[in-house]
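The values are calculated or read from the model by the stated rules, or taken from the named source; none is laboratory data. Keep in mind it's a predicted model, so treat the numbers as computed, not measured. Please note: Cβ atoms are built from the backbone with ideal geometry, for glycine as well, and neighbour counts cover all protein chains shown.
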Amino acid sequence: MGDSIRYSVSVTPVEEIADENAGTHDVIAGEVGKSIGGSGIAVVTDYSGTAAAQGYKDATVNYLEVIDSADTTDVSSELTASFVFIKNTGYTYSSATVLGDALAKSVKVMIFDGVDTNTMISILDAGESIILKDDNAGIVCTGIHVRTVNTDGSANAAAGHLAAEILVVD
């Protein structure tokens, strides 16, 4: 690990059009007219947390078990993060270092208000991820909750427990 994390996000809005032979083709959406994106660097001042808090330690993954019965699983115990990466692996949690079977469910990512309300910010399908960044290390990860849900975002206490790949650093 170095003193920073380089990241990028690319978005290509696509729409499907039909031709005169009833074929379809994907094109860049006319409403936007181009791909858009951004990139940046997150400053890393400390990478000495536990494997469970960081998601990785000594080049070994530490998957997060994303339960299906409540909106209360903290993404990490880190209280001063500068960078947070959360990915739905698409597999059940078997152990901190081993994935289980494929599971067609989603990871709901929420921000907790500190009192009693979670606000959903993303539903991640298998393979999808989200990045949060603050060079001032102001991300309180105990206020970021995750839950295994159905792919439409609805709760399902029998959905199974997905494994999330995370990277959380100061």
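Observations on the model:
- Residue match in the range 95-112 (condition: surrounded by fewer than 18 Cβ atoms within 10 Å (Cβ to Cβ), at pLDDT below 95 and either assigned to a loop (DSSP other than H, G, I, E, B) or of a type in the set (A, V, I, L, M, F, W, C) (or both)): yes
- Listed conditions (1) free of Cβ contacts under 8 Å to residues at least 24 places away in the same chain; (2) in contact with a Ser or Thr (Cβ under 9 Å, 6 or more places away or on another chain); (3) of a type outside the set (Ser, Thr, Tyr) are all met by residue 121, apart from (2).
- Of the residues 21, 62, the single one that is farther than 18 Å from residue 131 by Cβ, among the polar types (S, T, N, Q) and loosely packed, with under 11 Cβ neighbours inside 10 Å is 21.
- If you go through the range 138-153 and keep only what is surrounded by fewer than 19 Cβ atoms within 10 Å (Cβ to Cβ) and not β-branched (Val, Ile, Thr), you end up with 138, 143, 150, 152, 153.
So that you can scan it fast, the table gives a plain yes or no per residue for (1) over 10 Å from the mean Cα position of the chain (by Cα); (2) farther than 13 Å from residue 66 by Cα; (3) in a loop (DSSP other than H, G, I, E, B); (4) of a type in the set (D, E, K, R):
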residue	(1), (2), (3), (4)
114	yes, yes, yes, no
127	no, yes, yes, no
147	yes, no, no, yes
152	yes, yes, yes, yes
156	yes, no, yes, no
165	no, no, no, yes
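- Screening the range 2-28 for residues that are at pLDDT 95 or above and not in a strand (DSSP E or B) and picking the one that is nearest to residue 169 (Cα to Cα) gives 12.
- Answer residue from the range 154-170, given it is closer than 17 Å to residue 86 by Cα and modelled with pLDDT under 95 and is surrounded by the most Cβ atoms within 10 Å (Cβ to Cβ) among those: 169
- Just one of the listed residues (48, 39) is at pLDDT 95 or above and within 30 Å of residue 168 (Cα to Cα), and it is 39.
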